[in-house]
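Have a look at the structure below before the remarks.
Coordinate-derived values only; no laboratory data. Quick caveat: nothing in here was measured; it's all calculated off a predicted structure. Glycine gets a Cβ as well: all are built from the backbone with ideal geometry, and neighbour counts include every protein chain shown.
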Amino acid sequence: MNTGKKELQEQLADFSRRSFNRHLIGGTGGNNSVRIPESGHVLITPSGISLADVEPDGLIECTLDGEVIEAPKGFKPSKETSFHLGIYKLRPEVNSIFHVHPPYSTGFANLMEPLPMATVSAAVRLKHVPCVGSALPGSDELRELILEAVEKYPESEAFILKEHGIVALGPDIPSAFYTADLIEDTAKIAFVEKTILAARER
């Protein structure tokens with residue numbers, strides 16, 4: 001990925017807003033990030049700002065060790081920054097991470113089961129979306145749960161988190177976004193299938 005920092009800022013802001021508009025997130029939840037190739041630093045969405053309102057100049061730049069390099073006055077990195085940075089360290093092929101809280105995917109995650117592969121497209125594209133247990137947002141426990149799953153399932157490009165949505169990984173920003181979007185669409189189809197089957201059994 002040879003995209004420059006300014007273009008990455010614009011693209012991350014754009015796809016963050018798309019996340020909100022696609023109902024992958026509500027309120028001020030969720031956090032998205034991208035690796036900057038030339039520096040190895042990371043751009044991440046700020047804490048307390050809705051993804052609907054993210055602007056290119058409102059992103060936080062930090063090192064893989066969490067040192068803030070550049071941030072607008074009064075802005076701070078997402079409280080989930082530590083697991084983003086941990087994933088980048090574990091998976092050098094990953095250049096973007098989207099963490100969103102869509103309802104259908106989160107519903108399946110709360111059952112503590114892998115996402116059902118309800119379509120051929122999902123089976124081919126996603127293959128296996130493991131489920132990660134629950135912990136408080138921003139906690140070391142949540143970080144460790146996610147990183148353990150990333151290490152355990154090195155071929156997986158996404159994970160569903162109990163009570164906490166999706167973590168989607170990609171080689172670039174669009175890939176991470178479209179993976180999250182596909183997961184939620186797949187979860188909707190799986191829900192409809194289960195609802196129809198339950199109705200037939202009544």
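Of note:
- Neighbour-count order for His84, His23, fewest beta carbons within 10 angstrom listed first: His23, His84
- Label point 7 Å beyond Cα of Glu113 along Cβ direction - residues of region 163-202 with amide nitrogen under 19 Å: 163-166, 183-202
- Counting beta carbons within 10 Å around each of Arg22, Arg202, Arg143 and listing the fewest first gives the order Arg202, Arg22, Arg143.
- Note on region 27-131: Rg/Rh from Cα positions, Kirkwood definition for Rh, rounded to two decimals, is 1.02.
- Within the chain, helix-based [θ] at 222 nm, where runs of 4 or more DSSP H residues each add -39,500 (n - 2.57), nearest 500: -13000 deg cm²/dmol
- Net charge of neighbours whose Cβ lies under 11 Å from the Cβ of Leu8, counting Lys and Arg as +1 and Asp and Glu as -1: -3
- Summing +1 for each Lys or Arg and -1 for each Asp or Glu among the other residues whose beta-carbon sits under 14 angstrom from that of Glu201 gives +2.
- When the charge dipole of the chain is built from unit charges on Cβ atoms (+1 for Lys and Arg, -1 for Asp and Glu) and taken about the Cα centre, the candidate among Gly58, Phe15, Ser47 whose Cα reaches farthest toward its positive end is Phe15.
- Fewest-first ranking of Glu148, Glu38, using other Cβ atoms within 10 Å as the exposure measure: Glu38, Glu148
- Pair Leu90, Ala199: separation of 7 Å Cα→Cβ label points (nm): 4.0 nm
- Net charge contributed by nearby residues that have their C-beta within less than 11 Å of Thr186 (K/R +1, D/E -1): -2
- Overall Cα dimensions of the chain, principal axis frame, Å, largest first: 59, 32, 32
- Under 5 Å, built H, 5+ apart or other chain: amide partners of Asn32: Thr45, His99
- Residues of type lysines that Lys73 reaches as a straight line, Cα spacing below 20 Å, ignoring anything fewer than 8 places off in the same chain: Lys5, Lys6
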